[in-house]
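Report on one structure; see the data block that follows.
The values are calculated or read from the model by the stated rules, or taken from the named source; none is laboratory data. None of these values were measured; they are calculated from a predicted model. Cβ placement follows ideal geometry from the backbone for every residue including glycine, while neighbour counts extend to all protein chains displayed. We work out accessible area using only protein heavy atoms, side chains counted, and drop any ligands, DNA or RNA first. Shrake-Rupley method; radii C 1.70, N 1.55, O 1.52, S 1.80 Å.
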2 protein chains.
Amino acid sequence: MTDIDPGQTTERKRGSGVKLVYDLLRDEILDLKLEPGSAIDEVQLANRFGMSRTPIREALVRLAGEGLIETLPNRSTMVSNIDFLGMPAYFDALVLMYRVTTRLAAQYHRAEDLKIIRVHQTEFSAAVAAQDALEMIATNAAFHSAIAAAGRNAYYFGFFDRLLGEGRRMLRLYYQSYDDRLPQRFVEEHEEIIAAIEARDIAAADRLGKAHGEQIVEQIGRLLTRNDRLDLEL
Amino acid sequence: MTDIDPGQTTERKRGSGVKLVYDLLRDEILDLKLEPGSAIDEVQLANRFGMSRTPIREALVRLAGEGLIETLPNRSTMVSNIDFLGMPAYFDALVLMYRVTTRLAAQYHRAEDLKIIRVHQTEFSAAVAAQDALEMIATNAAFHSAIAAAGRNAYYFGFFDRLLGEGRRMLRLYYQSYDDRLPQRFVEEHEEIIAAIEARDIAAADRLGKAHGEQIVEQIGRLLTRNDRLDLEL
DNA sequence: TTCATTTCCGTTGTCGACAAAAAAAATACA
DNA sequence: TGTATTTTTTTTGTCGACAACGGAAATGAA
């Protein structure tokens, strides 16, 4: 709520303002620092970032394009609510994209792709060891995003990245209340996936991607049901 | 290039300007009335629509979000080029979405969905009979979009619609130079797909969706190779 | 008090203007 | 004549201001 730029007016490069606001707001939304349903005020943001409403507005339009905020005409714009009814559909799409991207990575990856994938896997492994749930979510997403990039299909990549963004919000919602220790199993499955990709074993990559996705869905399903039980008993 | 509103200033409802510009520009881009790579001038559009640059700009930001235009910082914004190198990736994604959406429609459709699907099929059939290539493209997309809607997965639906939009541009590019008579076979395949959906035969829907998609890809492939031959011989 | 009407207020949508950036044109220099 | 440098032009990015819209508060009638 405080100004980003108190005191003197910092010079900003022309055109950088929109990206600044967009990136920060996007992160705040996906990290649930901005609660779903909460209102977004343009003038407030303008003061906070020390700029006019125009670039703020452009950033908001972009976020609305990704469905991260909803804008009632002539009325307040607000952070989109998480669509719980749509979760089955979401997981269906997510698992399919896990499969497809992993399979394509096995088919079309190059040597340099594997290096990048391994870097992300190392970071994910460290996050699991540190039991840092938030970091796990981020590094896991980066890991699979790298795999999708290795598959060399821009359409799948774009779609998958959008799904992972949405998922970041859902996962964070649950992991912040229940800091469950995420199974070491995910790390091992990642290793298997890397091996299948490297061996260019398409069938194995497909199978592992599917299993890995369903594994995650199942994990979240457990969290959800436990959540329900708690709600009923209190 | 002429003003939309010559003479007197027509009253527009507050907030409707952006949608107006967005819809029209989107259509012009997808219908190839605006050539890929051609420059887009904001002031020119402002004059044409009789409004300020601000709403124009917002429409452009949205179009950029969908990848229909590209905006060089501080420099001209232009209609995105069609990515020919990415066509295999595109068709791969398209066929997959044909499969998935048809399959889900068989699984989750309701009675009212079939009515809508049939309406689009009737329109498509009429377009084929009239040998109106442009109308075929539009009605075919609407037909499959309706099937995707019946599948009740907002994520697939959104992704598929975006793919169909892109495809509209590619298809139009070829059908406008070679007004090939599109096979009656597509109409029949559509009928088979409808029957499979109505019978809730998931396996058949999956198979038909895949075959239908591959059929279209193959058709385009033929057009492309013929195009290449011509280029070489001239 | 309760409900309908009016007034006020906060927020968005749109506008015209100006400054910055980059290309294009013009000039200077060899 | 060809190249480097300056100037002009064109187009974008940002700003402050104002009107319109919708809700909230205030007012009035029963």
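Shape call for the range B:16-79 from the C-alpha gyration tensor, a ≥ b ≥ c root eigenvalues: rounded (a/c under 1.5), prolate (a/b greater than b/c) or oblate? Rounded is the answer for the range B:16-79, as its axis ratio a/c remains below 1.5. As a fraction of the 1.4 Å probe accessible area of the protein assembly as shown, surface on carbon and sulfur atoms comes out at 52 percent. Peptide B:193-204 is shielded by partner chain Cβ atoms: per residue, an average of 0 of them sit within 10 Å of its Cβ.
To the nearest 10, the accessible area of A:Thr54 is 90 Å² with a 1.4 Å probe. Note on A:Lys210: accessible area approximately 80 square angstrom, rounded to 10, probe 1.4 Å, nucleic acids and ligands left out.
Per residue, the convex hull around the alpha carbon atoms of the range B:1-140 comes to 181 Å³. Averaged over the residues of peptide A:82-89, the number of Cβ atoms from other protein chains lying within 10 Å of each residue's Cβ is 2.
Couplings 3J(HN,Hα) of the range B:46-62, computed from phi: 4, 4, 4, 8, x, 9, 6, 6, 4, x, 4, 4, 4, 4, 5, 4, 5 Hz, in residue order, whole Hz [Karplus 6.51 cos²θ - 1.76 cosθ + 1.60, θ = phi - 60°; x for Gly and Pro].
Remark: the range A:16-79 carries 50 Å² of accessible area per residue (probe radius 1.4 Å; ligands, DNA and RNA excluded).
With Cα atoms defining each centre, the range A:64-117 and the range B:56-128 are spaced 17 Å apart in the structure. For the range A:87-233, the solvent-accessible area with a 1.4 angstrom probe is 46 square angstrom per residue. For the range B:87-233, the C-alpha radius of gyration sits at 1.02 times the compact-globule guess of 2.2 N^0.38 Å, with N the residue count.
Taking the Cβ of B:Ile193 as the centre, find all other residues whose Cβ is under 15 Å away and add up their charges (Lys, Arg: +1; Asp, Glu: -1). Result for the local shell: -2.
The accessible-area ordering, largest first, of the residues A:Leu134, A:Leu96 stands as A:Leu134, A:Leu96, per a 1.4 angstrom probe.
The mean count of C-beta atoms from other chains within 10 Å of the C-beta of residues in A:134-143, rounded to a whole number, is 0.
Ordering A:Ser80, A:Ser16 by accessible surface, largest first, gives A:Ser16, A:Ser80; the 1.4 Å probe counts only protein heavy atoms, with every chain in place.
Here the peptides A:59-67, B:63-71 are ranked by packing, the mean other Cβ count within 10 Å, and the order with the highest first is A:59-67, B:63-71. Take the accessible area of B alone and of A alone, subtract that of the pair with a 1.4 Å probe, and the total buried over both chains is about 1900 Å². Only protein heavy atoms count here; on that basis, with a 1.4 Å probe, B:His212 has an accessible area of about 0 Å². Taking all protein chains together, A:Ile56, B:Ile116 sort by accessible area into B:Ile116, A:Ile56, largest first [probe 1.4 Å]. With respect to the axis relating copies A and B by rotation, the chain A residue whose beta carbon is closest, plus that distance in Å, is A:Gly65, 2.
Across chain A, C-alpha contacts under 8 Å between residues 6 or more apart give a mean separation that, scaled by the residue count, equals a relative contact order of 22 percent.
The relative contact order of the range B:16-79 comes to 41 percent, based on Cα pairs under 8 Å that sit 6 or more residues apart. Built from the Cα atoms of the range B:120-169, the convex hull projects on average onto 3.1 nm², one quarter of its surface area. Contact order for the range B:30-168, expressed relative to its length and based on alpha carbon pairs under 8 Å spaced 6+ residues apart, stands at 24 percent. Given 25 °C and 0.890 mPa s, compute D for the protein assembly as shown with the Stokes-Einstein relation, Rh being the Kirkwood radius over Cα pairs; round to the nearest whole µm²/s. Estimated diffusion coefficient is 99 µm²/s.
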